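The values are calculated or read from the model by the stated rules, or taken from the named source; none is laboratory data. Bear in mind the structure is a predicted one, so any value in this text is a computation, not a measurement. Because the Cβ atoms are built from the backbone with ideal geometry, glycine has one as well, and the counts that use them run over all protein chains shown.
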Amino acid sequence: MKPLLNTPASRQSLVLLRDLIEEETGNFYSDQNLDLLAMKLADRLAELGLLTFLDYYYLLRYDSGRAEEWVLLESVITVNETYFWRESPVIELAALQLVAELRPRLKRGPRIWHAACASGEEPYSMAMALLEAGEQGVDLLATDLDQRVLALARQAIYRQRSVRYLPAGWLEKYFETLPGGRWALKPKVASRVSFRRLNLIHGSELENLPTFDLIFCRNVLLYFRENRVLELLPRLARLLSPGGWLVVGASESLLRFAPPLEFQERNGLVIYQKPLHG
Ligand SMILES: C[S@@+](CC[C@H](N)C(=O)[O-])C[C@H]1O[C@@H](n2cnc3c(N)ncnc32)[C@H](O)[C@@H]1O
């Protein structure tokens, strides 16, 4: 049986649950999107044999098996839409210009972090662009909250929908065909990216990271409330090396958050740079 959504009590419990999910993951469902959240949760509640949102709230807060349940829930409530070569001009800018600019001032190889990598298409696009640019020795770390998409990223097998916007010839060059219209990324690209789970809104999880010269945090801030973004931006800025850049999604302007970074327009694209000095 599915839970009843339209009683005042169920609405109240759903709001409690919504706030708990926001607290733990940053993903916020506004009042207008509560029905969407209810729909996303309904099947899981049914699987667990729970009849009310309040039961599920207690499970997530107090049950001894709550850690495993959060792993499942994170994959239910996140939006993992992504594809290869998405918003590609900024990937080209990074691979063809920014990495080359970094080299003279670094005593080590450049480090790039894809902070919400979903099933891997974004960091793998960067790995291919770096190969095309002849850039060697670049460290690529890719992280996400959702363990299900991270498993897909490590598997590196994709359907036609994911690869449809790749530049001409890259599919044949960097993938093997598999039965059923699937494509397996070749190890020479796949081996360039390391994947890990990381929750961006848990400040403590960011503490042990090294500094990066480029951070991609694309198409995830839009799911967070403003106060979360305000907390996160100084943390990301601290993780940038002097002169390093933060890249967000094309529709995610940071100007209203006054980040501790300099606004920079490059090739008609907006990126955010940590000052070289000071
Ligand atoms: C829409 S995808 C963006 C993927 C890729 N960056 C792109 O632009 O194509 C958003 C990703 O953010 C992840 N995400 C959501 N909340 C997160 C959090 N608190 N910490 C880390 N990743 C999170 C989701 O799991 C999802 O895979």
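Arg66 meets each of the listed conditions (1) in contact with a helix residue (DSSP H, G or I) (Cβ under 6 Å, 6 or more places away or on another chain); (2) of a type in the set (Lys, Arg); (3) within 16 Å of the ligand (Cβ to nearest atom) apart from (3).
Looking at the stretch 201-209, can you tell me whether even one residue there is part of a helix (DSSP H, G or I) and either away from the ligand (no atom under 12 Å from the Cβ) or buried (at least 21 other Cβ atoms within 10 Å of the Cβ) (or both)? Before the answer, list the steps.
Within the stretch 201-209, the first condition is being part of a helix (DSSP H, G or I), and the residues that meet it are 203-206.
Pick out the ones that are also either away from the ligand (no atom under 12 Å from the Cβ) or buried (at least 21 other Cβ atoms within 10 Å of the Cβ) (or both) and you get 204.
Looking for residues that are part of a helix (DSSP H, G or I) and either away from the ligand (no atom under 12 Å from the Cβ) or buried (at least 21 other Cβ atoms within 10 Å of the Cβ) (or both), one finds at least one in the stretch 201-209, hence yes.
Among the residues in the stretch 86-105, are any loosely packed, with under 15 Cβ neighbours inside 10 Å and assigned to a loop (DSSP other than H, G, I, E, B)? Checked against the condition, which is being loosely packed, with under 15 Cβ neighbours inside 10 Å and assigned to a loop (DSSP other than H, G, I, E, B), the stretch 86-105 yields no hits at all. Scanning the stretch 224-254 for residues that are under 28 Å from Arg105 (Cβ atoms) and either in contact with a Phe, Trp or Tyr (Cβ under 8 Å, 6 or more places away or on another chain) or not assigned by TED's automatic domain parsing to the domain that holds Pro123 (or both) yields Leu232, Leu233, Leu239, Leu240, Ser241, Gly244, Trp245, Leu246, Val247, Val248, Leu254. Within the stretch 265-276, residues that are among the aromatic types (Phe, Trp, Tyr) reach partners that are surrounded by fewer than 17 Cβ atoms within 10 Å (Cβ to Cβ) with beta carbons closer than 7 Å, at six or more positions or on different chains, in the pairs Tyr272/Glu262; Tyr272/Phe263; Tyr272/Gln264. In the stretch 47-75, the residues that are touching a residue at least 40 places away in the same chain (Cβ under 8 Å) form Cβ pairs under 7 Å with partners that are outside any helix (DSSP H, G or I) and within 16 Å of the ligand (Cβ to nearest atom), at six or more places apart or across chains, as follows: Glu74/Leu145; Glu74/Asp146; Ser75/Asp146.
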